[in-house]
Amino acid sequence: MLRPLLYLVALITLAGAKQTLTASTELDISSCPITIYGQRYEQAFVNYTSQNLVICFKGFYGSGTKDDCILGPLPDSKNAEFDQFQRIPLLETIVQYNFGPLSVLYVVDIQVDGTTADQVTVTNTPSSRQTRGYLDISGCRHSGAVYKPATEVNSPETCFSLTCDEDLVLKTSSCAALYDSIFNPKLDLVCTVTGPALIDFHGLLTSVRDRCTYSLLSLPSAPDFQVLANFQERHRKDVSFLDSVTLRLDGPGVQIHLKQGGRVQVNDAPLSLSTSAQMVHGVELSKDLTGVTARVSVSNFTIYVFFDGYTMQIHLQGPVGSALHGLCENSSRSLADLRVPESNPDSCLIQYNDTEESMINCTKMTEHCNLLKKEPFASCDINPEPYITACTTTLCSYPDRDALKCQFLEAYARTCKLQRNATLVDWRSKAKCSFCQDRTCSDHEFCGEKSVGGDNRCFCRAIFASKYRDQNALGDPTVCNQTSGSLTLVNCLLEDEGLDYIALHLKDPTCRGHMDEETHLVTFSFSDINRCGTEVMSSNNQIIYQNTISNHNSSSSIITRKDQVFIDFSCVYMKEAMKAFKVRSRFSTSGVWNYTLTMKAYTDAARTRPVDSNTEVRLDEKIWVELKTEGLDGDLISVVTESCWATNQESETGSLRYDLIKNGCANPADPTVTVEGNGEGTSSYFSFNMFQFSGKSGNIYLHCKLQLCIKQGNSCIPKCNGARTRRSIRSRYEASALISMVWTN
């Protein structure tokens, strides 16, 4: 773990805004507090004595001071500097520093409650100048005394024992505790879930092979409390891992979710945590560098639930003889009995096959897992066999990635600390381990290592990724919506290909992808407001909007190199539309563009009096018909009414047909027909005098055929000449929601 270090230079330096101190000075260090042997301070008091420069934390130093202080020699310059340094990662890793042969010039005392707790020396000689020294000032305090990490004190005379473990957790016991353990026995149980393996309270091992949610612990005496484990796949589809933990309170009413990366959600709301405990619905929640801990007291039990994103441990303390339920109590029970129905989709039970891993070295992994039989693990008397079996079974079927081989060692070490109060010193030096903390991945991702022992990132879950990889795709199909088009890519798939979404852009380099913070999906889009370099082309009976996602700044080179990517996507219009009220054009697999075409009839030239089912229309009365579209880009597209005709049947090919518009122009044989605005924009209208088919008294069906025309470089307005005739007829108009406009007698 990271520990506070005292960093001393020839001029004693603390954290803060830089200033020179020549007299007694009180300093605010709340922006960078100092922790000395477990005590945190946000103020410092600096003053000089005849022999020392002194920094105390409760008040200025004086005779008989009972304070935590740092006493150093007077600096040659008779002053000290107060400065703030940027974070120095190297210093964070230093716990002990060997200065070699000492020629002592400076001796710095660290006092706790007025008594020297430790010293650090800084030496200078004419031949070798040393200007700095380091001292580990982490530890525990008890009754005014200071204890270094990994310290154990036992006193048989006083029947007292004390432990300050590596994580700076102080534990003490006395004869009273011994008496209590004999005459008032209590349960002290640990259940561990790591990877697909579960080791129950009794040391029995089972494995979960699906992606469902299971009940780990419930109490008949507290039916509203339950601990659930949620399993998901990672790199492989056929191996499941513990993915998150849920504490269910008040039945399904309140659920606290512990997720990877140290994330916590209360129902669906994220919760920010720190090392300071926070009470949420009666659960004490805290977070440190190792993971998240939930503590709950229920029905005479104290239950600790720890989760670090990989491993979960339930530490249960309570009265002997109490009934417990769940996999942690009896892992030999049928998994079906403990599966949580309301939390599991049917698909969670589907079993998948995946390609065989050729790089797994089972012999090497078995040797690694058997480290649990050696020191320092051998000093713990808890049976390591379930952990060894879980370790070898998993690592012989799943690649050694994402610090997986460290999980089983970590789980055993934590169990020893919880049940035996035993700290296994320096076991981490036997394996390089890095765990994901404070990295947020989406539901279709998990956090893992980029390389063994290296940085981590969010990877795609295997089942989620397979639907894209099977099609050699990086995202979903193009979405075309009225006057815009978009393509959404999956960021974890991009990272698998070594692509940084920040470097990708459309043909216009200023148009870049937007990542959704929750799903980590990256969307690139264009619209009629910002076309982002979109090209418009005409091909046969299609109008195509085309753009390209690329990390290359030149649009003239259509090639792919190792470090370059080009992803084309397009939206397509069909030029012809045949529907009377609504048009839905279906395009190629690159996308579907929807737009709406309506036909309405009016009895006035201003088109303010619409014809409805109650309107009486007389023979030879003039009618105005408006053809109007929505969802088209009027700057690029015009609508041309190519033809309109009437039939005596609902089909556009009825036994009788009368043309009103032909080839974009009014029928020269009917002088009552007038066409206006045709090809000028996304709507047009025409007028004619009402008529009836000779010798027929049935319905009249009006049909129109339209085409879409690209304006760029084209004139979409038809050239028309011709004569007109007129007729007279009486009819009544009624609108149908199918494909025609109908007049009925």
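The values are calculated or read from the model by the stated rules, or taken from the named source; none is laboratory data. All values derive from a computational prediction rather than experimental measurement. Neighbour counts run over all protein chains shown; Cβ positions are idealised from the backbone, glycine included. Heads up: the accessible areas ignore ligands, DNA and RNA and are worked out on the full protein's heavy atoms, side chains in. Shrake-Rupley method; radii C 1.70, N 1.55, O 1.52, S 1.80 Å.
Descriptive notes on the structure:
- Some residue of the range 470-490 being among the charged types (D, E, K, R) and free of Cβ contacts under 8 Å to residues at least 12 places away in the same chain: yes
- Among the conditions (1) assigned to a strand (DSSP E or B); (2) among the acidic types (Asp, Glu); (3) open to solvent by less than 40 Å² (accessible area, probe 1.4 Å), the only one that ASP633 does not satisfy is (1).
- Within the range 39-55, no residue satisfies the criterion of being surrounded by 18 or more Cβ atoms within 10 Å (Cβ to Cβ) and not in a strand (DSSP E or B).
- Evaluation of LEU289 against (1) in contact with a Leu (Cβ under 7 Å, 6 or more places away or on another chain); (2) open to solvent by less than 60 Å² (accessible area, probe 1.4 Å) (one fails), failing number: (2)
- Taking the numbered list (1) open to solvent by 60 Å² or more (accessible area, probe 1.4 Å); (2) more than 21 Å from LEU247 (Cα to Cα); (3) among the polar types (S, T, N, Q) in turn, THR366 passes all entries but (1).
- Any hit, the range 195-212, residues being modelled with pLDDT of 90 or more, open to solvent by less than 30 Å² (accessible area, probe 1.4 Å) and touching a Lys or Arg at 6+ places or on another chain (Cβ under 6 Å): yes
- Hey, SER221 without any contact (Cβ under 8 Å) to a residue 40 or more places away in the chain, among the hydroxyl-bearing types (Ser, Thr, Tyr), open to solvent by 50 Å² or more (accessible area, probe 1.4 Å) and not assigned by the TED database to the domain that holds CYS441 or not: no
- Test result for SER244, among the polar types (S, T, N, Q) and under 30 Å from CYS460 (Cβ atoms): yes
- Index of the failed condition, THR158 passing every other in (1) hydroxyl-bearing (Ser, Thr, Tyr); (2) at pLDDT below 80; (3) open to solvent by less than 70 Å² (accessible area, probe 1.4 Å): (3)
- Residue that is nearest to SER484 (Cα to Cα) [pool: residues in the range 598-630 that are part of a strand (DSSP E or B) and among the β-branched types (Val, Ile, Thr)]: THR629
- Candidates THR302, THR246, THR275: the one that is in contact (Cβ under 8 Å) with a residue 24 or more places away in the chain and among the β-branched types (Val, Ile, Thr) is THR246.
- Hits in the range 220-240 - residues which are hydrophobic (A, V, I, L, M, F, W, C) and at pLDDT below 90: ALA222, VAL239
- For ARG339: the one exception among (1) more than 18 Å from GLN407 (Cβ to Cβ); (2) surrounded by fewer than 16 Cβ atoms within 10 Å (Cβ to Cβ); (3) basic (Lys, Arg): (2)
- For SER687, the test of being of a type in the set (S, T, N, Q), open to solvent by less than 50 Å² (accessible area, probe 1.4 Å) and in the same structural domain as LEU636 (by the TED database) is passed.
- For the range 61-73, the set of residues classified as in a loop (DSSP other than H, G, I, E, B) and surrounded by fewer than 16 Cβ atoms within 10 Å (Cβ to Cβ) consists of GLY62, SER63, GLY64, LYS66, listed by residue number.
- Reported count of residues in the range 224-238, each being open to solvent by less than 20 Å² (accessible area, probe 1.4 Å) and under 23 Å from SER397 (Cα atoms), is 5.
- Where a residue in the range 45-64 is of a type in the set (D, E, K, R) and its partner, wherever it lies, is open to solvent by less than 60 Å² (accessible area, probe 1.4 Å), with Cβ under 6 Å and at least six apart: LYS58/ASP67
- Reported count of residues in the range 200-257, each being acidic (Asp, Glu) and part of a strand (DSSP E or B), is 3.
- Unique residue being at pLDDT 60 or above and either over 22 Å from GLU42 (Cα atoms) or open to solvent by 40 Å² or more (accessible area, probe 1.4 Å) (or both) when the list is ALA145, ALA177, ALA150: ALA150
- Residues satisfying the stated conditions in the range 636-663, i.e. over 55 Å from the mean Cα position of the chain (by Cα), in contact (Cβ under 8 Å) with a residue 12 or more places away in the chain and outside any strand (DSSP E or B): ASN648, GLN649, GLY654, LEU656, ASN663
- Filtering the range 305-328 to residues that are part of a loop (DSSP other than H, G, I, E, B) and open to solvent by less than 50 Å² (accessible area, probe 1.4 Å) leaves ASP308, GLY309, TYR310, SER322, LEU324, GLY326, LEU327, CYS328.
- Only one of the numbered conditions (1) in contact with a His (Cβ under 6 Å, 6 or more places away or on another chain); (2) open to solvent by less than 10 Å² (accessible area, probe 1.4 Å) is violated by GLN265, and that is (2).
- Note on the range 446-503: residues that are of a type in the set (D, E, K, R), open to solvent by less than 20 Å² (accessible area, probe 1.4 Å) and either more than 20 Å from ARG401 (Cα to Cα) or in a strand (DSSP E or B) (or both) total 1.
- Flag for ARG295 being outside any loop (DSSP other than H, G, I, E, B), over 12 Å from ALA229 (Cα atoms) and at pLDDT 85 or above: yes
- Of all residues in the range 617-658, those satisfying the criterion of being farther than 20 Å from LEU597 by Cβ and in contact with a strand residue (DSSP E or B) (Cβ under 6 Å, 6 or more places away or on another chain) are VAL617, ASP620, LYS622, GLY654, ARG657, TYR658.
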